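See below for the structure under consideration.
The values are calculated or read from the model by the stated rules, or taken from the named source; none is laboratory data. Since we're looking at a predicted model, the values are computed, not measured. Cβ placement follows ideal geometry from the backbone for every residue including glycine, while neighbour counts extend to all protein chains displayed. Please note that ligands, DNA and RNA were not included when accessible areas were found on the heavy atoms of the full protein model with its side chains. Shrake-Rupley method; radii C 1.70, N 1.55, O 1.52, S 1.80 Å.
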Amino acid sequence: MQTNDLTIELRGDEEQIALITLNRPTKRNALNDGLVLAIRDIFQGMPHSVRAAVIHGNGDHFCAGLDLSELSERNAAAGVHHSRMWHHALDQVERGPVPVVAALHGAVVGGGLELASACHIRVADASAFFALPEGSRGIFVGGGGSVRIPRLIGAARMADMMFTGRVLGAEEGERVGLAQYLVPQGTALEKALELATRIASNAPLTNYALMQALPRIADQTADHGFFTEALISAIVQDAPEAKARVREFLEGRGPKVKKQ
Ligand code: 1HE
């Protein structure tokens with residue numbers, strides 16, 4: 001799906017960082033079908049050099065959610081397919097090729113919050129605000145929000161946001177777990193790129209385990225989780241890169257953990 005509303009720029013000496021921009025500022029980066037499919041395609045076709053991605057929005061807002069102008073004439077069957085299209089696209093973000101950091105500012109609402117929830121780390125600047133206006137528009141989340149958002153903040157907080165139209169500011173959003181980092185206004189992208197660069201320097205198999213194994217283990221019973229953990233940790237530590245990194249530390253060449 002070709003659209004100028006979504007761009008990708010490769011950064012870093014080895015093009016290891018993908019900067020993905022929602023670029024529909026006049027519509028507050030509202031996600032029409034073309035844009036949702038473009039997100040799917042960009043993650044499915046991620047260049048092999050890329051080890052981490054950042055997604056952000058052009059203009060004053062991250063994303064105003066679903067493009068409401070496309071909602072009007074959809075019947076129930078079309079609605080199911082439409083929601084499943086969003087699920088498929090955002091699955092490419094969450095379980096896709098690389099860890100994704102969302103740089104959030106301004107509105108992070110509706111489907112915009114669903115997109116942010118599919119990312120692995122969220123950085124909010126002081127201008128960010130979070131809401132689920134679906135509740136007051138007579139609709140429901142359809143982009144995976146009812147699965148992912150309760151895992152971040154609990155079902156009670158999500159229900160409150162939808163029942164009452166509650167808008168959480170940046171500080172509150174960070175406090176309840178919608179964002180892991182809160183930074184001064186205008187600096188979310190810089191911070192997200194810094195984090196992505198750090199993530200890209202990890203052993204690829206560690207990042208793979210964090211993306212693919214950790215969320216599945218979190219969904220398992222404790223007994224199954226312990227067993228899955230044993231399997232994945234054995235696979236990750238077996239990689240030559242893991243052995244080399246541990247050896248470096250033991251020989252005094254590896255980085256120490258420093259208080260930040
Ligand atoms: C839009 C959309 C949109 C803006 N669909 N066109 N999402 C919402 O319910 C949020 C709706 N949007 C807003 O509450 C506000 O636009 C914002 C708080 C995000 C930004 O306010 P502001 O004052 O900066 O912009 P604006 O003047 O409201 O909007 C500028 C233009 O963007 C205007 O179009 P114009 O042609 O009159 O210039 C708006 O109509 C347009 N616009 N947001 C379509 N969302 C998978 S299911 C997910 C379900 C949902 O996401 S429901 C929640 C939808």
What order do you get for 112-122, 187-197, 63-73 when each peptide is scored by the mean count of other beta carbon atoms within 10 Å, highest first? 112-122, 187-197, 63-73
Just how large is the dipole of segment 1-135 about the Cα centre, in debye to the nearest 20, putting +1 at every Lys and Arg Cβ and -1 at every Asp and Glu Cβ? 160
Grab the alpha carbons of segment 204-251, take their convex hull, and tell me the volume per residue in Å³. 68
Could you let me know the centre-to-centre spacing of segment 161-222 and segment 228-260, using Cα atoms, in angstrom? 23
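Tell me, what is the per residue accessible area of the chain in Å², probe radius 1.4 Å?
Solvent-accessible surface per residue comes out at 54 Å².
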Send over the per residue convex hull volume for the chain, Cα only, as a whole number of Å³. 148
Relative contact order of segment 95-146 (C-alpha contacts under 8 Å, at least 6 apart) in percent is 41
Peptides ranked, highest mean first, by Cβ atoms within 10 Å: ranges 86-95, 152-161, 221-230: 86-95, 152-161, 221-230
If you average 1/r over all unlike Cα pairs in segment 57-117 and invert the result, what Kirkwood radius do you get in angstrom? 12.9
Expressed in nanometres to one decimal, the distance between label points 7 Å along Cα→Cβ at ARG137 and ASN4 is 2.5
Please give the net charge around GLY79, taking every other residue with its beta carbon less than 15 angstrom from that of GLY79, where Lys and Arg add +1 and Asp and Glu add -1. -2
Taking +1 at the Cβ of each Lys and Arg and -1 at the Cβ of each Asp and Glu, which of HIS224, GLN185, ALA64 sits farthest along the dipole of the chain towards its positive end, judged by Cα position relative to the Cα centre? HIS224
Give the carbon-plus-sulfur fraction of the accessible surface of the chain in %, rounded to a whole number; probe 1.4 Å, heavy atoms of protein chains only. 55
Between 0 and 90 degrees, rounded to the nearest ten: what's the tilt of helix 155-164 against the longest Cα principal axis of the chain? 30
